[in-house]
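Below: the structure, in structure tokens.
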């Protein structure tokens, strides 16, 4: 399964690697998700109580391009591949933390 790093990182390569990792697609759709996503629970009325709200589906292509561009700059700078992978994962984690912070800020706003 040593496939990461063999090819330049592109959206097609990311999707190919996902297909290698997630062979059974009965319960998931391949590719960038077309719908919104949140992680969390629901209250007694069925309303979401999000811990995390993912990026809007229409924002995914430019966000992914940013990850790919950053990866290319690190590769051109000859950053060690392990550090490059860690930095890319960290970048994705920072995005998740930013989204979580925004979620809490929005929850504190008074209703309109």
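The values are calculated or read from the model by the stated rules, or taken from the named source; none is laboratory data. Computed from a prediction, not measured in an experiment: that's the story for all the values here. With ideal geometry, Cβ positions are generated from the backbone for all residues, glycine too; neighbour counts draw on all protein chains shown.
What about residue 10, is it under 19 Å from the mean Cα position of the chain (by Cα) and over 25 Å from residue 84 (Cα atoms)? Show your work before the answer.
Details: under 19 Å from the mean Cα position of the chain (by Cα): yes; over 25 Å from residue 84 (Cα atoms): no.
Judged against the criteria, residue 10 is not a match.
Would you say residue 74 is under 20 Å from residue 12 (Cβ atoms) and free of Cβ contacts under 8 Å to residues at least 24 places away in the same chain? Full working, then the answer.
Details: under 20 Å from residue 12 (Cβ atoms): yes; free of Cβ contacts under 8 Å to residues at least 24 places away in the same chain: yes.
Yes; evaluated as a whole, the condition is true for this residue.
Each row is one residue, and each column tells you yes or no for (1) outside any helix (DSSP H, G or I); (2) out of contact with any strand residue (DSSP E or B) (no Cβ under 8 Å at 6 or more places or on another chain); (3) at pLDDT below 85; (4) loosely packed, with under 11 Cβ neighbours inside 10 Å.
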position: 45; (1), (2), (3), (4): yes, yes, no, yes
position: 52; (1), (2), (3), (4): yes, no, yes, no
position: 55; (1), (2), (3), (4): yes, yes, no, no
position: 84; (1), (2), (3), (4): no, yes, yes, no
position: 102; (1), (2), (3), (4): no, no, yes, no
